[in-house]
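For reference, the structure discussed in these notes is given below.
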Amino acid sequence: MAELTLNDVTKIYDDAEGTETAVEEVSVTVEDGEFLVLVGPSGCGKSTTLRMIAGLETVTDGTIEIGDREVQHLAPSERDVAMVFQSYALYKRMTARQNMGYGLKHSTDMSGDERDRRVREGAELLGIEELLDDKPEAMSGGQKQRVALGRAIVRDPDVFLLDEPLSNLDAKLRSHMRTEIQRIQSELGVTAVYVTHDQTEAMTMADRIAIMNDGVIQQVDPPEVAYDHPNNEFVGAFLGSPSMNVFDAVAREDANGYAIDVDGATLGRIPHEAVEDDLAGKPVRFGVRPEDLHLDEAPDDATDTCRFAATVTVTEYQGNDNFVYLDVGDRSLTARVPPGVYPDSGDEVTVSVAAKDVFLFERETTTAIKTRGVSGERTGTQPITRG
Ligand code: ADP
């Protein structure tokens, strides 16, 4: 087990079609025993980053350290990492036992007894003892993925790398395996980097989440901190489902602070002290999460709660809550409301938004100006202690 550090790691692909910077100056330290999830849209450079750590891809610039060793020039087998792929990559003609022991047999001088012991222990941890004599063709997707995990575990690696390992599983099994992978990682105490494009997977599994876009890491924080305090609009909109509602807006100064106007309708209000800079007249991006739009609540006198009229277009029943699609002028907003709130299409409703729930981003740079809270400090959710 060891700490993993990437220093300004860059990958430029240079092929017939020209050059492409797939990963740009990525710097991050994954602590010993930490579960880091690298998340971002398809093509943002996640797999390339993981493959550079594994040694399956060369590094154009920068260094990768595992413990106190610089590894970017080492062959994959010399790095003490184990990787699990979406495709399982099992040998079809071998049993689970042979698949799990294969790497140990061919890349270590471990005795047969020791190999058997490791495979048995790994199988026990994964709950697949009864599958050890089966071949992949006789297994379900979930069982194959467990064998693939087992093959990585038996090597007792310093760093565990997982590239979208659950994408081929159905929704129910995926959610079960998420918990399983977390349990196994924490029992082994192994440093892990997990790649996914699925923000739910990232939010539920990670100790810390690294959000990537266009080859660049946007933020590395515990999920609840990134959710409440995104560094920029990209992170704010990427995390959360349904996504944050975001619009071009102007901050208009009034007696109580700033009114946030979207095409003439005021959709948010904040007190002066919620932001450091003078925003009077400034073009901004206004964001509000669906769960922070409240419908038809008894009005209170708080001057920093904004109320506005909206028309319901559709309400979608979700079981544990409902999604309500609303029109305000030409803008559409999505609200996530409790199961008892079920307005009809065409209903006129009053929507309220508390000042603490208003997000503001710079119009040009999209950098966050205000995140959750009103004191101008990061007063929202505290990191949850896991494990
Ligand atoms: P992700 O895993 O986030 O979906 P990738 O790391 O696979 O993204 O890809 C990042 C970018 O690098 C993409 O634009 C992709 O087209 C490009 N890329 C990946 N592999 C190669 C390659 N072998 N040659 C050229 N470009 C590549």
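The values are calculated or read from the model by the stated rules, or taken from the named source; none is laboratory data. All figures in this text were calculated on a predicted structure; none of them were measured in a lab. Don't worry about glycine lacking a Cβ; one is built from the backbone with ideal geometry, like all the others, and counts go over all protein chains shown. The protein model used for the area step is the full one, side chains on, heavy atoms only, and it has no ligands, DNA or RNA in it. Shrake-Rupley method; radii C 1.70, N 1.55, O 1.52, S 1.80 Å.
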To the nearest 10 degrees, how steep is helix 171-188 against the longest Cα principal axis of the chain, on a 0 to 90 scale? 60 degrees
Nonlocal amide H pairs with THR313, under 5 Å, H built at 1.01 Å: TYR325, LEU326, ASP327, GLY346
Efficiency of FRET from Cβ geometry, THR29 and ASP330, R₀ 45 Å, rounded to 0.05: 0.45
Please compute the net charge surrounding SER47, taking Lys and Arg as +1 and Asp and Glu as -1 over other residues with Cβ under 13 Å from its Cβ. 0
Using a cut-off of 12 Å between beta-carbons, work out the net charge of the residues near GLU364 (Lys and Arg +1, Asp and Glu -1, GLU364 not included). 0
Subtract the Cα-Cα distance of THR108 and MET94 from 0.36 nm times their separation in residues, and report this length gain in nm to one decimal. 3.1 nm
In whole angstrom, the spacing between the Cα centers of the range 308-365 and the range 1-31 equals 40 Å
Any chance you could check the Cα centroid distance between the range 102-119 and the range 196-253 for me, in angstrom? 43 Å
Going residue by residue through the range 140-154, the Karplus relation 6.51 cos²θ - 1.76 cosθ + 1.60 with θ = phi - 60° gives ³J(HN,Hα) values, rounded to whole Hz and with x marking Gly or Pro, of 7, x, x, 5, 4, 5, 5, 5, 4, 5, x, 4, 6, 5, 4
Which whole-number value in Å² is the accessible area per residue of the chain, probe 1.4 Å? 46 Å²
Nitroxide proxy distance, nm - points 7 Å out along Cα→Cβ at ASP61 and ASP347: 5.6 nm
Among ILE270, GLY150, PRO343, pick out the residue whose Cα is farthest towards the positive end of the charge dipole of the chain, where Lys and Arg carry +1 and Asp and Glu carry -1 on C-beta, about the Cα centre. GLY150
per DSSP, antiparallel bridges as share of beta bridges in the range 4-234, % nearest 5, sits at 50 percent
Tell me, what is the percent relative contact order of the chain, built from C-alpha pairs under 8 Å that lie six or more residues apart? 15 percent
Mind counting lysine pairs for me in the chain? Cα separation below 17 Å, and the two need to be 8 or more apart along the chain or on different chains. 7
Would you kindly derive the ³J(HN,Hα) couplings of the range 67-75 from the backbone phi angles with the Karplus curve 6.51 cos²θ - 1.76 cosθ + 1.60 (θ = phi - 60°), listing them in order in whole Hz, with x for Gly and Pro? x, 9, 9, 7, 10, 4, 9, 7, 5
Expressed as a rounded percentage, what relative contact order does the range 244-370 have, with Cα pairs under 8 Å and six or more residues apart? 28 percent
Where in the range 295-359 are there GluC sites (Glu not before Pro) that are in a DSSP coil and have at most 12 other Cβ atoms within 10 angstrom of their Cβ? GLU297
If you place +1 on the Cβ of every Lys and Arg, -1 on the Cβ of every Asp and Glu, and leave all else neutral, what size is the dipole of the chain about its Cα centre, to the nearest 20 Debye? 1420 debye
Return the distance in nm (one decimal) between the two label points of a simple spin-label model at THR200 and ARG252, each offset 7 Å from Cα along Cα→Cβ. 4.0 nm
Quick one: which residues, 5 or more positions from TYR194 or on another chain, have an amide H under 5 Å from its amide H? H modelled 1.01 Å from N in the peptide plane, none for Pro or chain starts. LEU36, VAL37, LEU38, LEU162
Let's test the formula: R0 of 51 Å, r as the Cβ-Cβ distance of GLU273 and ASP14. What FRET efficiency results, to the nearest 0.05? 0.50
Can you list residues whose amide H is under 5 Å from ASN232's amide H, if they're 5+ apart or on another chain and H is modeled 1.01 Å from N? ALA368
Mind listing the phi-derived Karplus ³J(HN,Hα) values for the range 228-234, rounded to whole Hz, using 6.51, -1.76 and 1.60 with θ = phi - 60°, and x for any glycine or proline? 7, 10, x, 5, 8, 4, 4
Take the Cβ-Cβ distance between GLU121 and GLU70 as r, set R0 to 30 Å, and report the resulting FRET efficiency rounded to the nearest 0.05. 0.45
Fraction of accessible area attributable to carbon and sulfur, the chain (%, probe 1.4 Å): 44 percent
